[in-house]
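First comes the structure, then the notes that go with it.
Just so you know, all these numbers are worked out from the coordinates, no wet-lab data involved. Quick caveat, the model's predicted, so the values are computed rather than measured.
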Amino acid sequence: MTTSIYQTDVDLPWPLAWEMMQWEMAAWVAEYGDRALVQVIWNERILAAQVEAAEFQAITTDFYRTLQHRLGHACQWRFEKQEESTGHRLILGVSAPQGA
């Protein structure tokens, strides 16, 4: 069973959005460990307007790979074309304990 506990739209400009999201994800994983679920929905239109693709990859790849290594399929990043007013979305959840 999966419980979505926290969801927020991040309307800050890059790189403030990334910095805020990093802290939120790191704190969540620190608290819930292997039970943590992390989903990021990046707004492609905002990213394209605010940061070069190569810079985005250089800044986020190590953090993303670390999350993937720790959480496996419980960490998902998607890129979607949305209205610029939507912002990026961060969804954090917790999976049920083993054997529950």
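Annotation: the antiparallel percentage among DSSP beta bridges lying fully within the chain is about 70. Computed from backbone phi, the HN-Hα couplings of the range 22-34 come to 4, 4, 4, 5, 5, 5, 5, 5, 4, 6, 9, x, 5 Hz, rounded to whole numbers (Karplus: 6.51 cos²θ - 1.76 cosθ + 1.60, θ = phi - 60°; Gly and Pro given as x). In degrees, nearest 10, range 0 to 90: what is the angle between the Cα axis of helix 53-71 and the longest Cα principal axis of the chain? For 53-71 against the chain, the angle is about 0 degrees.
For the range 2-95, the alpha carbon positions stretch 35, 25, 20 Å along the principal axes, listed from largest to smallest.
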